[in-house]
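The values are calculated or read from the model by the stated rules, or taken from the named source; none is laboratory data. Keep in mind the model is a prediction, meaning the values are calculated, not measured. Neighbour counts run over all protein chains shown; Cβ positions are idealised from the backbone, glycine included.
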Amino acid sequence: MTIHDFEETHAQITVGRPRAFDTIPLGGLLIGIFDLMFAFIFYGLILGVPALRIFQSVAAGVLGRPRATEGGVRTFLLGICLHFVVATCIATVYYLATQVLSVLVRHPVVSGLIYGVIAYFGMKYIVMPLSAIGQMGRLPRLPILVTEVVGHAVLVGLPVALLARRSARLNGDKSSNSATAEPSLGSI
């Protein structure tokens with residue numbers, strides 16, 4: 001296979017725009033599950049944070065730390081629900097960005113990895129200080145920071161970018177198939 005063959009094959013791939021229904025709920029679900037697993041494995045198993053405390057810290061964004069930690073299992077479950085709401089918001093922002101920046105669909109791996117890093121720092125330096133938690137706190141130790149950033153790049157940004165690309169390809173295939181079909185009255 002030569003470069004010319006690759007270019008012809010690549011040119012034949014029709015990429016449309018991602019659909020909101022394909023990208024947002026599935027993206028939120030995938031991001032939520034992957035990040036939840038990351039949280040339990042990294043913070044719980046590796047760093048030794050009690051399981052309840054992990055998602056009580058998410059609920060602290062709405063309730064504040066004291067009320068979240070006093071709430072037991074109820075605030076833990078609230079934290080998991082809020083975690084999936086945030087994950088869906090992250091997927092929504094990426095979907096909306098694909099409507100303006102087609103490069104996000106054409107280059108999903110690079111775009112997704114970068115978006116995951118942006119999402120991490122956006123949460124850390126914008127969302128958390130504006131929440132009931134208040135201050136951002138200090139930066140974690142370098143190994144923890146690197147793990148969190150890489151985790152967000154791979155487990156948050158990349159999945160939603162790949163979902164958006166898949167949706168755009170499927171949407172592009174549907175529009176290219178309809179372009180070869182007989183025209184409808186609306187297109188005459």
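Points worth noting:
- Residues located in the stretch 3-50, provided they are part of a helix (DSSP H, G or I), of a type in the set (A, V, I, L, M) and at pLDDT below 95: Ile3, Ala11, Ala20
- Qualifying residue in the stretch 114-121 (condition: touching a Pro at 6+ places or on another chain (Cβ under 7 Å), modelled with pLDDT of 95 or more, closer than 30 Å to Phe55 by Cα and part of a helix (DSSP H, G or I)): no
- Filter pass, Ala97 being closer than 21 Å to Leu170 by Cα, free of Cβ contacts under 8 Å to residues at least 40 places away in the same chain and among the small types (Gly, Ala, Ser): yes
- Count of residues meeting criterion [in a loop (DSSP other than H, G, I, E, B) and either modelled with pLDDT of 95 or more or in contact with an Asp or Glu (Cβ under 8 Å, 6 or more places away or on another chain) (or both)] in the stretch 137-172: 1
- Evaluation of Thr92 against (1) surrounded by 13 or more Cβ atoms within 10 Å (Cβ to Cβ); (2) more than 14 Å from the chain's Cα centre (by Cα); (3) among the β-branched types (Val, Ile, Thr) (one fails), failing number: (2)
- Residue satisfying condition, being of a type in the set (Val, Ile, Thr), under 26 Å from Val146 (Cβ atoms) and modelled with pLDDT of 95 or more, within set Val73, Val109: Val109
- The residues on offer are Val109, Val62, and the sole one that is touching a helix residue (DSSP H, G or I) at 6+ places or on another chain (Cβ under 9 Å) and surrounded by fewer than 14 Cβ atoms within 10 Å (Cβ to Cβ) is Val109.
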